[in-house]
Amino acid sequence: MKVFVVNCGSSSIKYQLFDMTDESVLGRGVLERLGTGHARLHHTADGTTREMSVAADDHTAGMKMIVEMLVDPKTGVLSSIDEVEGVGHRVVHGAEEITESRLIDEQLLAVIRRNVELAPLHNPPNLAGIEAASAAMPNAPHVAVFDTAFLTTLPPVAYRYAVPEQWYAKHHVRRYGFHGTSHRYVTLRAAELLGKPVEKVNLITAHLGNGCSMTAIAGGVAVDHSMGMTPLEGLIMGTRSGDVDPAIVLYMISRGLSAEEVDRAMNNSSGLLGVSQCSNDMRDVLAAADKGNPKAALAVEMFAYRVAKYVGAYHAILPAVDAVVLTGGIGENSVPVRRAICRRLVGLGVVGDQQRNDQTVGGKDGPITAAGSAMPVWVVPTNEELMIARDTRQVLAGTDG
Ligand code: ADP
């Protein structure tokens, strides 16, 4: 069975084509800068990456180009697009009503549209992607895999904010959380690596990429999460502040900024970028810190400190912790950041192992703590696309039978 996985942003389409007989990737790529007049497609298949400019003004035109690449008689990997038996879509927000992956039909589209008000930057491009892929692959069933679904198990004590009850009842103000597909994938994989059934595993998972979030997992189920009603809450991220005193927003408005300016500052020029004043990319911030830039060094330490604080909080609310699991670009690769996190966790009995830390990079999994560490810290590379492909296969198997 061949499954095509789509992840659409406002100006991009990321895709992977899986052969689910062995979960191998037949082709993958990204089409960027859609609608700017300078769209570029990076497409990898058979070990070769090709880059080209394409005339694609919107998702529908972009998807058509991608399909043409896949079935190209010379360089394509499919003889016909009808070989694709299922299409899996990443959809960000399903709110409280969507707890698992579902076949896309009119009813589900209505739910995704309804939740545009909760995810104005994400659900509209996800809808555009569904429309574009449905036009390009009209004979395949399409499945939506929601970022929020894995986090719908949070109990009220974790998802409610202590604000007037009507804010929740009338305006849906609560913690939803994001990155659920990544946290689910690493939870399943960590259980496998730890040799425990997933329903017996207690974990603290940290997705540390451009966006960063943490989840407390009890018995394989999410019970708390660091992102909130929006992806702004929680950890320090590339350009997002994470937790702040909410009164700062009103204070900065009283100092002359507009609400939009404060919103932009906290989402786009805070986090690693805001503190370091050099970059939102951890590699650049680390390089600057290495050269003696004190702002960059502070940004790295604040980043690690915040992760450690959440580990402490989740350790307190979980019955026991089998492992802390690090994933995402920083979690999977950044030796110094992982060392800084482990150092800040000595109080919980974490004993870092430098050799293991040095060796567990570039897609490898394994512990980065010593054998006797009271709390093991593991690196487990995420694979959201594979999770979406597996869900797509499973949902379609259910509809067939
Ligand atoms: P996204 O959240 O957009 O999927 P990634 O998971 O790819 O992003 O993570 C991007 C982050 O990972 C960036 O801050 C980048 O600097 C960091 N990163 C990637 N590789 C390394 C590395 N070798 N060392 C340090 N940081 C890295």
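The values are calculated or read from the model by the stated rules, or taken from the named source; none is laboratory data. These numbers come from a predicted model, not from an experiment. Cβ atoms come from the backbone with ideal geometry, glycine included; neighbour counts cover every protein chain shown. Side chains are part of the model used for accessible areas, which takes the heavy atoms of the whole protein and leaves out ligands, DNA and RNA. Shrake-Rupley method; radii C 1.70, N 1.55, O 1.52, S 1.80 Å.
Of all the residues in the range 369-401, those that are among the acidic types (Asp, Glu) and in contact with a helix residue (DSSP H, G or I) (Cβ under 8 Å, 6 or more places away or on another chain) number 1. In this structure, is residue 281 more than 16 Å from the ligand (Cβ to nearest atom) and under 24 Å from the mean Cα position of the chain (by Cα)? Against the criterion (more than 16 Å from the ligand (Cβ to nearest atom) and under 24 Å from the mean Cα position of the chain (by Cα)), residue 281 does not qualify.
If you check 398, 347, 362, which single one turns out to be open to solvent by 70 Å² or more (accessible area, probe 1.4 Å), out of contact with any strand residue (DSSP E or B) (no Cβ under 7 Å at 6 or more places or on another chain) and not β-branched (Val, Ile, Thr)?
Every option except 347 fails the conditions.
Selection over the range 67-94 of residues that are aliphatic (A, V, I, L, M) and buried (at least 20 other Cβ atoms within 10 Å of the Cβ) gives a count of 7. When 338, 390 are checked against the criterion of being among the basic types (Lys, Arg) and open to solvent by less than 40 Å² (accessible area, probe 1.4 Å), a single residue qualifies: 338. The number of residues in the range 253-264 being in a helix (DSSP H, G or I) and free of Cβ contacts under 8 Å to residues at least 12 places away in the same chain comes to 7. Scanning the range 181-209 for residues that are over 13 Å from the mean Cα position of the chain (by Cα) and within 13 Å of the ligand (Cβ to nearest atom) gives no hits. If you filter the range 26-51 down to residues that are more than 14 Å from residue 90 (Cβ to Cβ) and among the aliphatic types (A, V, I, L, M), you find that the one that is most open to solvent (accessible area, probe 1.4 Å) is 26.
Grab the strands (runs of 3 or more DSSP E) fully contained in the range 34-119, keeping just those with 2 or more residues being of a type in the set (Ser, Thr, Tyr).
Result: 48-53.
A single member of 162, 136 is of a type in the set (Gly, Ala, Ser) and open to solvent by 30 Å² or more (accessible area, probe 1.4 Å), and it is 162. Across the range 298-307, the qualifying residues are those that are in contact (Cβ under 8 Å) with a residue 24 or more places away in the chain and surrounded by fewer than 20 Cβ atoms within 10 Å (Cβ to Cβ), and the one among them that is farthest from residue 234 (Cα to Cα) is 301.
Quick check on my filter: what residues within the range 2-14 are under 20 Å from residue 394 (Cβ atoms) and open to solvent by less than 20 Å² (accessible area, probe 1.4 Å)?
Pass one, the range 2-14, residues under 20 Å from residue 394 (Cβ atoms): 2-7.
Within the range 2-14, 3, 4, 5, 6 qualify.
Summed over the range 165-198, residues that are of a type in the set (Gly, Ala, Ser) and open to solvent by 60 Å² or more (accessible area, probe 1.4 Å) total 2. The residue that is farthest from residue 273 (Cα to Cα), among those in the range 210-224 that are touching a strand residue (DSSP E or B) at 6+ places or on another chain (Cβ under 8 Å) and either within 16 Å of the ligand (Cβ to nearest atom) or hydroxyl-bearing (Ser, Thr, Tyr) (or both), is 215. The residue list 201, 163, 143 contains one member that is β-branched (Val, Ile, Thr) and closer than 16 Å to residue 228 by Cα, which is 163. Residue-level check: of (1) surrounded by fewer than 22 Cβ atoms within 10 Å (Cβ to Cβ); (2) on the phi < 0 side of the Ramachandran plot, residue 23 misses just (2). Here is the figure for the range 254-297: residues that are exposed (fewer than 12 other Cβ atoms within 10 Å of the Cβ) and of a type in the set (A, V, I, L, M) total 1. Restricting the first member to the range 63-88 and to residues that are among the β-branched types (Val, Ile, Thr), and the second to residues that are outside any helix (DSSP H, G or I) and open to solvent by 40 Å² or more (accessible area, probe 1.4 Å), the beta-carbon pairs closer than 6 Å and six or more apart or on different chains are 77/26; 81/71; 84/2. Taken over the range 231-247, the residue count meeting the criterion of being within 16 Å of the ligand (Cβ to nearest atom) and in contact (Cβ under 8 Å) with a residue 60 or more places away in the chain is 4.
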